[in-house]
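Student: The structure that follows is given in the form of structure tokens.
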Amino acid sequence: MAGAIIENMSTRKLCIVGGILLAFQVIAFLVGGLIAPSPTTAVPYMSVKCIDVRKNHHKTRWLMPWGPNHCDKLKDFDEAVSRQIEANDIVFAVHVPLPSKEMSPWFQFMLFIMQLDIAFKMDNDLKENAEITLDVSLAYRDNKFDDWKEIAHAIEIRKLKCTFSSPKTLDSEGRHYDCDFLPFMEIGSVAHKYYLINIRLPVNERKGINVGIGEIKDIRLVGIHQNGGFTKVWFAMKTFLTPSILIIMVWYWRRITLMTRAPVLLEKVIFALGISMTFINIPVEWFSIGFDWTWMLLFGDIRQGIFYAMLLSFWIIFCGEHMMDQNERNRLSGYWKQVGPIAVGSFCLFIFDMCERGVQLKNPFYSIWTTEVGTELAMAFIIVAGICLCLYFLFLCFMVFQVFRNISGKQSSLPAMSKARRLHYEGLIFRFKFLMLITLACAAMTVIFFIVSQVTEGHWKWGDITIQVNSAFFTGIYGMWNLYVFALMFLYAPSHKNYGEDQSNGDLGVNSGEELQLTTTITHVDGPTEVYKLARKEAQE
């Protein structure tokens, strides 16, 4: 009778908690789909060709494409030829943002890609594997009457990957090559209102600089930044979720410390997962509104990497703790084969990120993919990380198979067990299947929404209602993994319900002080865990 009451209470608790979490999950998707705008905006910029005939080009002079102090402009290169202006005296100027607009710290970051308009000409053809050298400068100001202040200056090389669909004859002169976009610049904060980009294409025939790159007609940039409205919704979610996870973490750890035994490995890993989730949630991005913190993109990558590493480690350890065999696994060293690939893969991705975004803290024009050595190094890190990920999933699938095989063996012998032991194994089996179900649901929703966000136009329109699919993906998946961690700590916290002497001599058949629960780790007040004690005893019998 008592066992049935406990089971009914546990089932009722699961249903209530599941309903509440499902409601919050729906709200998380609706917040992104109905309230937030699209996550990012892409703005095209056409550079203006300015004339700089000074002898000392190395001395900084900022050329504005428009405004009261705009530069001396060229309409096209035919005008430059007629005016006998050399290529070294031409500067491509781009002002960010467009006229009558301002940038905002709410935009969070700026990413620029470059597209070159290169025309075919018989006497100036584009060579195979051609490289273009860019002398680029970036400046800012916060008032239209202030002087420009330099942020960065660099000389960068980009490989040109272009195709020409027409035959290279005189009749084809003037037609443009089809060239791939080139990575140009990434900056991790938008702390100023106005930005100015000056691009030079220095020509030195003796050194072979910018020789054989075809006839460049124009330089176009596409600037991508985060939408301010989406940033506010994102910050609001992080601000709300931070105390929620913190409260459940404090409650969870307090339940563990009240036990007379030391925390077991699974409990420590769940708590560490909560810490990593809190690390992501803490809304330090609020400070980026008032401070020029260009390292926020790198910091965000590190936080996500720590969480993913902890999540993958938790899945491995959770499976191991539910093997129900005679092996003692209450030590992290027992999982070195499975956790090792996670550590190696995470380290490789960290080094790759430091080689890319770490260098961009000093030089926003840098890209690891622009050189052969950098490309090979980046690919090596990514391949090693991919191999580690494949090994991890092989280990995980094998462990899941083992758990289900052991479950099948235990289920056939459940009726012959004592009441206490049967309730214990039923709890283990139910707990494992429950977590596997919600884990597969979370993973499936992540993959499905990612695919949908990639193949759709970014929004769905139902009558007068517009749903931003990409925003719903970000807020919904972010909220979902928070709820996942919340549910883990809530459902798997140790119970402190003790059954008295009357029950110990009745249906349960257990001693006073022994704890039984279907949804949490079954522990003993004076020992390690009942998982190991009962599992080994049953195996021996």
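The values are calculated or read from the model by the stated rules, or taken from the named source; none is laboratory data. None of the values given here were measured: they were computed from a predicted structure. Every residue, glycine as well, gets a Cβ built from its backbone with ideal geometry; the counts of neighbours run over all protein chains shown. In case anyone asks, the SASA skips ligands and DNA or RNA and just uses the protein heavy atoms, side chains included. Shrake-Rupley method; radii C 1.70, N 1.55, O 1.52, S 1.80 Å.
Student: Residue by residue through region 273-317, note down the ones that are of a type in the set (D, E, K, R) and over 16 Å from the mean Cα position of the chain (by Cα). Please lay out each step first, then the result.
Tutor: Going residue by residue through region 273-317, those that are of a type in the set (D, E, K, R) are 285, 292, 301, 303.
Once the filter is applied, which keeps residues that are of a type in the set (D, E, K, R) and over 16 Å from the mean Cα position of the chain (by Cα), region 273-317 yields only ASP292.
Student: When the residues of region 238-265 are filtered to those that are of a type in the set (Ser, Thr, Tyr) and under 28 Å from the mean Cα position of the chain (by Cα), which remaining residue is farthest from ASN482 (Cα to Cα)?
Tutor: Kept after step one, since they are of a type in the set (Ser, Thr, Tyr), are these residues of region 238-265: 239, 242, 244, 252, 257, 260.
With the extra rule that they be under 28 Å from the mean Cα position of the chain (by Cα), the set shrinks to 239, 242, 244, 252.
Values: THR239: 13, THR242: 9, SER244: 9, TYR252: 15 Å.
Looking at the filtered set, the residue picked out is TYR252.
Student: Something else now. Of all residues in region 418-432 being touching a residue at least 24 places away in the same chain (Cβ under 8 Å) and open to solvent by 20 Å² or more (accessible area, probe 1.4 Å), which is nearest to VAL17 (Cα to Cα)?
Tutor: Filtering region 418-432 down to residues touching a residue at least 24 places away in the same chain (Cβ under 8 Å) leaves 418-421, 423-428, 430-432.
Applying the additional criterion that residues be open to solvent by 20 Å² or more (accessible area, probe 1.4 Å) yields 418-419, 421, 426, 430.
Details: SER418: 30, LYS419: 27, ARG421: 27, GLU426: 20, PHE430: 16 Å.
Step by step, filter region 418-432, then rank; the result is PHE430.
Student: Tell me, yes or no, whether region 426-435 has at least one residue that is in the same structural domain as TRP481 (by the TED database), in a helix (DSSP H, G or I) and over 23 Å from TYR484 (Cβ atoms). Steps first, please.
Tutor: So the first thing to find is which residues in region 426-435 are in the same structural domain as TRP481 (by the TED database), and the list is 426-435.
If we keep only those that are in a helix (DSSP H, G or I) too, we end up with 426-435.
Filter again for over 23 Å from TYR484 (Cβ atoms), leaving 426.
Yes, region 426-435 contains a residue that is in the same structural domain as TRP481 (by the TED database), in a helix (DSSP H, G or I) and over 23 Å from TYR484 (Cβ atoms).
Student: Okay, moving on. Test ASN143 against the stated conditions and say whether it is part of a loop (DSSP other than H, G, I, E, B), at positive phi and not assigned by the TED database to the domain that holds GLY290. Working first, answer last.
Tutor: Values: part of a loop (DSSP other than H, G, I, E, B): yes; at positive phi: no; not assigned by the TED database to the domain that holds GLY290: yes.
When the stated conditions are applied, ASN143 does not pass them.
Student: Could we say that ALA262 is part of a loop (DSSP other than H, G, I, E, B) and of a type outside the set (Val, Ile, Thr) here? Walk me through it before giving the result.
Tutor: Values: part of a loop (DSSP other than H, G, I, E, B): yes; of a type outside the set (Val, Ile, Thr): yes.
Yes; evaluated as a whole, the condition is true for this residue.
Student: Just the residues that are of a type in the set (S, T, N, Q) and in contact (Cβ under 8 Å) with a residue 12 or more places away in the chain, please, taken from region 387-412. Break it down stepwise before answering.
Tutor: Within region 387-412, the first condition is being of a type in the set (S, T, N, Q), and the residues that meet it are 402, 406, 408, 411-412.
Residues satisfying the conditions are GLN402, ASN406, GLN411.
Student: For the structure I just gave you, tell me whether ILE132 is outside any helix (DSSP H, G or I) and surrounded by 15 or more Cβ atoms within 10 Å (Cβ to Cβ). Walk me through it before giving the result.
Tutor: Numbers: outside any helix (DSSP H, G or I): yes; surrounded by 15 or more Cβ atoms within 10 Å (Cβ to Cβ): yes.
In short, yes.
Student: Quick check: is even one residue across region 353-372 surrounded by 15 or more Cβ atoms within 10 Å (Cβ to Cβ), over 30 Å from TRP293 (Cα atoms) and among the hydrophobic types (A, V, I, L, M, F, W, C)?
Tutor: No, every residue in region 353-372 fails to be surrounded by 15 or more Cβ atoms within 10 Å (Cβ to Cβ), over 30 Å from TRP293 (Cα atoms) and among the hydrophobic types (A, V, I, L, M, F, W, C).
Student: For residues in region 234-258 being out of contact with any Ser or Thr (no Cβ under 9 Å at 6 or more places or on another chain) and of a type in the set (Lys, Arg), which is surrounded by the most Cβ atoms within 10 Å (Cβ to Cβ)?
Tutor: LYS238
Student: Just one of LYS13, LYS55 is under 30 Å from ASN198 (Cα atoms), at pLDDT below 85 and either open to solvent by 20 Å² or more (accessible area, probe 1.4 Å) or not assigned by the TED database to the domain that holds VAL91 (or both); which is it?
Tutor: On the way: LYS13 fails: under 30 Å from ASN198 (Cα atoms).
Criteria check complete, one pass: LYS55.
Student: Tally time: how many residues in region 151-169 are over 14 Å from ASP117 (Cα atoms) and either open to solvent by 30 Å² or more (accessible area, probe 1.4 Å) or modelled with pLDDT of 95 or more (or both)? Don't jump to the end; show me each part of the working.
Tutor: So in region 151-169, the residues over 14 Å from ASP117 (Cα atoms) come out as 151-159, 165-169.
If we keep only those that are either open to solvent by 30 Å² or more (accessible area, probe 1.4 Å) or modelled with pLDDT of 95 or more (or both) as well, we get 151, 153, 155, 157, 159, 165, 167-169.
Here the count works out to 9.
Student: Scan (1) assigned by the TED database to the domain that holds ALA80; (2) out of contact with any Phe, Trp or Tyr (no Cβ under 6 Å at 6 or more places or on another chain); (3) surrounded by fewer than 19 Cβ atoms within 10 Å (Cβ to Cβ) for the single condition SER172 breaks and write down its number.
Tutor: (2)
Student: Something else: Looking at (1) modelled with pLDDT of 85 or more; (2) farther than 22 Å from LEU440 by Cα, which is the one condition that is false for CYS388?
Tutor: Only one criterion in (1) modelled with pLDDT of 85 or more; (2) farther than 22 Å from LEU440 by Cα is unmet by CYS388, namely (2).
Student: So LEU21 clears everything in (1) modelled with pLDDT of 85 or more; (2) touching a Phe, Trp or Tyr at 6+ places or on another chain (Cβ under 8 Å); (3) among the hydrophobic types (A, V, I, L, M, F, W, C) except one condition, right? Which one?
Tutor: (1)
Student: Farther than 30 Å from ILE248 by Cβ and open to solvent by less than 20 Å² (accessible area, probe 1.4 Å), is that true of ALA28?
Tutor: Values: farther than 30 Å from ILE248 by Cβ: no; open to solvent by less than 20 Å² (accessible area, probe 1.4 Å): yes.
It is false that ALA28 is farther than 30 Å from ILE248 by Cβ and open to solvent by less than 20 Å² (accessible area, probe 1.4 Å).
Student: Here is a further query. Confirm whether LEU34 is open to solvent by 50 Å² or more (accessible area, probe 1.4 Å), modelled with pLDDT of 90 or more, under 29 Å from GLY228 (Cα atoms) and among the hydrophobic types (A, V, I, L, M, F, W, C). Break it down stepwise before answering.
Tutor: Values: open to solvent by 50 Å² or more (accessible area, probe 1.4 Å): yes; modelled with pLDDT of 90 or more: no; under 29 Å from GLY228 (Cα atoms): yes; among the hydrophobic types (A, V, I, L, M, F, W, C): yes.
When the stated conditions are applied, LEU34 does not pass them.
Student: Kindly list, by first and then second residue, each pair from a residue in region 283-302 that is under 21 Å from PHE350 (Cβ atoms) to a residue that is among the aliphatic types (A, V, I, L, M) and at pLDDT 95 or above, limited to pairs with Cβ atoms under 8 Å and residues at least 6 apart or on different chains.
Tutor: Sorted first by the residue in region 283-302, then by its partner, the list stays empty.
So that you can scan it fast, the table gives a plain yes or no per residue for (1) farther than 20 Å from VAL211 by Cβ; (2) at pLDDT 90 or above:
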site: LEU116; (1), (2): no, yes
site: LYS127; (1), (2): no, no
site: PRO183; (1), (2): yes, yes
site: GLU186; (1), (2): yes, yes
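Student: Output yes when any residue across region 323-346 is assigned by the TED database to the domain that holds TYR484, under 30 Å from ILE187 (Cβ atoms) and in a helix (DSSP H, G or I), and no when none is. Lay out the reasoning, then the answer.
Tutor: Step one: filter region 323-346 for residues assigned by the TED database to the domain that holds TYR484, giving 323-346.
Subsequent filtering for residues that are under 30 Å from ILE187 (Cβ atoms) retains 345-346.
Pick out the ones that are also in a helix (DSSP H, G or I) and you get 345-346.
Yes, region 323-346 contains at least one residue that is assigned by the TED database to the domain that holds TYR484, under 30 Å from ILE187 (Cβ atoms) and in a helix (DSSP H, G or I).
Student: Quick check on region 318-333: of everything there that is more than 17 Å from ILE407 (Cα to Cα) and either at pLDDT 80 or above or open to solvent by 50 Å² or more (accessible area, probe 1.4 Å) (or both), which residue is nearest to the chain's Cα centre (by Cα)? Step through it out loud before you land on a result.
Tutor: Filtering region 318-333 for residues more than 17 Å from ILE407 (Cα to Cα) gives 328-333.
Restricting the remaining residues to those that are either at pLDDT 80 or above or open to solvent by 50 Å² or more (accessible area, probe 1.4 Å) (or both) gives 328, 331-333.
Values: GLU328: 35, ARG331: 30, LEU332: 27, SER333: 29 Å.
Among those residues, the one meeting the criterion is LEU332.
Student: Shifting gears a bit: It is to be established whether one or more residues within region 221-230 are in contact with an Asp or Glu (Cβ under 9 Å, 6 or more places away or on another chain) and of a type outside the set (A, V, I, L, M, F, W, C).
Tutor: So in region 221-230, the residues in contact with an Asp or Glu (Cβ under 9 Å, 6 or more places away or on another chain) come out as none.
No: region 221-230 contains no residue that is in contact with an Asp or Glu (Cβ under 9 Å, 6 or more places away or on another chain) and of a type outside the set (A, V, I, L, M, F, W, C).
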